[in-house]
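Have a look at the structure below before the remarks.
The values are calculated or read from the model by the stated rules, or taken from the named source; none is laboratory data. In this text, all values refer to a predicted model and were calculated from it rather than measured experimentally. No Cβ is skipped: glycine too gets one built from the backbone with ideal geometry, and neighbour counts run over all protein chains shown. Surface areas here come from the heavy atoms of the whole protein model, side chains and all, with no ligands, DNA or RNA. Shrake-Rupley method; radii C 1.70, N 1.55, O 1.52, S 1.80 Å.
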Amino acid sequence: MKRFLFIGHDASRSGAPFVLLYLLQWIRSNHPDSVIDLLLLNGGELEDKYRKVADVEVLPEFENTNPLSRAFRRMRGAFDREYALRIKSLPHFEREYDAVIGNTVVTLRHLALFKNRGFQTVSWLHELDRAVEALGMTEDLKLLSPSIDRFIVGSGAVAEMLGRFGVSSPVDRVYEFSPRGSSAEIDVTSVRRELNIPADAFVVGACGTVENRKGTDLFIGMARKLLMANPEFRFLWIARKDAESDPMYKEVIESIRKHGLNDRVMIIRSEFSPANYLAALDIFVLSSREDPFPLVCLEAANLGKPVVCFADAGGMPEFVGDDAGAVVPFEDVDAMARSIESFYQDPEKRKKAGRIAQRKAQTDFSTETACRSIFQIITLI
């Protein structure tokens, strides 16, 4: 019997918490003799799902605050002496573990505490340089990496970042993953009708926080270029339900209005899984300036959608390659528009790329493949 402690930064409905949930569900199903403890630094909407597969402890001092406040509190004083003593007083700290696994860069200092007890530590990283800096974790990554026995990274781009930080611990690349989806049960016609999109329109979609890092402005610029040549295009950005608090939300909404694009470019605030909206797309665009390996691209690929992304912006080119969509030069909106136009003009090319994207998502980048690899790493460390 193996006993593991996982440390998660929160239980929000976002990429890193979801992949952790998928992994814990897989371990529970495939290795039911394993004992799983989970320490959450913050609560969130996924808590109930976590509790079905793990013994969960949530640190109360981080509950009921917004994400920016939580990040600030982590940077400001989360590891003063008093806080460290609270961690050490938790039941989890007194137990014996075969490995302690921290999910995201925010958990590095927690891992260091458990390393001091003599446990094997694994840091599962999903962030790139901008995110590490925004979280105030740059110095921690430099100083605390020696306390990590092994790193698991969600893409080659994250592995390259660790190299730039001079990390010498072993690094295993295990691509991010998402459960297999199907559009068979989704009534795409109804979804398009709900959004007032003509059934025969060509729909280009993206998903994420409305912010500079996600390139929402680049998406809008690309949409303008395509609409000048073909007003039958439609563009859909799937945002969070509380998108009004996103850094660029008001600016983007105003830009759409000023350019007269209200009936062609939509920002949809989604409360639940974006699968219905993804199924209504013809092609998925990742306009991010930096994104390690976003799950939503895999979700779109699982539904048979080709993916178009920028080179040198993260790990997605490792998935797309030259056959599951297109990789265009960094921030080159014209090239992205031309690529999308080529898929519009050639339906067979689009269908072929979509089939390849779906096959990749369901084989080499599948939940089964990734979880098996991660479990082997944390078991044999």
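Any idea which residue in region 199-234 is farthest from residue 259 (Cα to Cα), counting only those that are acidic (Asp, Glu), open to solvent by 50 Å² or more (accessible area, probe 1.4 Å) and part of a loop (DSSP other than H, G, I, E, B)?
Here is the first cut: in region 199-234, the ones acidic (Asp, Glu) are 200, 211, 217, 232.
Right, trim to open to solvent by 50 Å² or more (accessible area, probe 1.4 Å) and you get 200, 217, 232.
Pick out the ones that are also part of a loop (DSSP other than H, G, I, E, B) and you get 200, 232.
Values: 200: 24, 232: 16 Å.
Selected residue: 200.
Checking residue 238 against (1) without any contact (Cβ under 8 Å) to a residue 60 or more places away in the chain; (2) within 16 Å of residue 354 (Cβ to Cβ); (3) open to solvent by less than 10 Å² (accessible area, probe 1.4 Å), only one condition comes out false. Which one?
The number of the failed condition is (2).
Looking at 300, 326, which is the one that is under 18 Å from residue 202 (Cβ atoms), over 18 Å from the mean Cα position of the chain (by Cα), among the hydrophobic types (A, V, I, L, M, F, W, C) and not in a loop (DSSP other than H, G, I, E, B)? Write out each step before concluding.
On the way: 300 fails: over 18 Å from the mean Cα position of the chain (by Cα).
The unique qualifying residue is 326.
In region 142-191, how many are in contact (Cβ under 8 Å) with a residue 60 or more places away in the chain, open to solvent by less than 20 Å² (accessible area, probe 1.4 Å) and in a helix (DSSP H, G or I)?
Of the residues in region 142-191, 4 are in contact (Cβ under 8 Å) with a residue 60 or more places away in the chain, open to solvent by less than 20 Å² (accessible area, probe 1.4 Å) and in a helix (DSSP H, G or I).
Residues checked against (1) surrounded by fewer than 24 Cβ atoms within 10 Å (Cβ to Cβ); (2) over 22 Å from residue 355 (Cβ atoms); (3) among the small types (Gly, Ala, Ser):
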{"position": "282", "(1), (2), (3)": "yes, no, no"}
{"position": "295", "(1), (2), (3)": "yes, no, no"}
{"position": "309", "(1), (2), (3)": "no, no, no"}
{"position": "323", "(1), (2), (3)": "yes, no, no"}
{"position": "332", "(1), (2), (3)": "yes, yes, no"}
{"position": "339", "(1), (2), (3)": "yes, no, yes"}
{"position": "343", "(1), (2), (3)": "yes, no, no"}
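Being part of a loop (DSSP other than H, G, I, E, B) and either closer than 30 Å to residue 189 by Cβ or open to solvent by 30 Å² or more (accessible area, probe 1.4 Å) (or both): is that true of residue 365 here? Full working, then the answer.
Values: part of a loop (DSSP other than H, G, I, E, B): yes; either closer than 30 Å to residue 189 by Cβ or open to solvent by 30 Å² or more (accessible area, probe 1.4 Å) (or both): yes.
Judged against the criteria, residue 365 is a match.
Anything in region 257-269 that is free of Cβ contacts under 8 Å to residues at least 60 places away in the same chain and closer than 23 Å to residue 294 by Cβ? List them, or say none.
265, 267, 269
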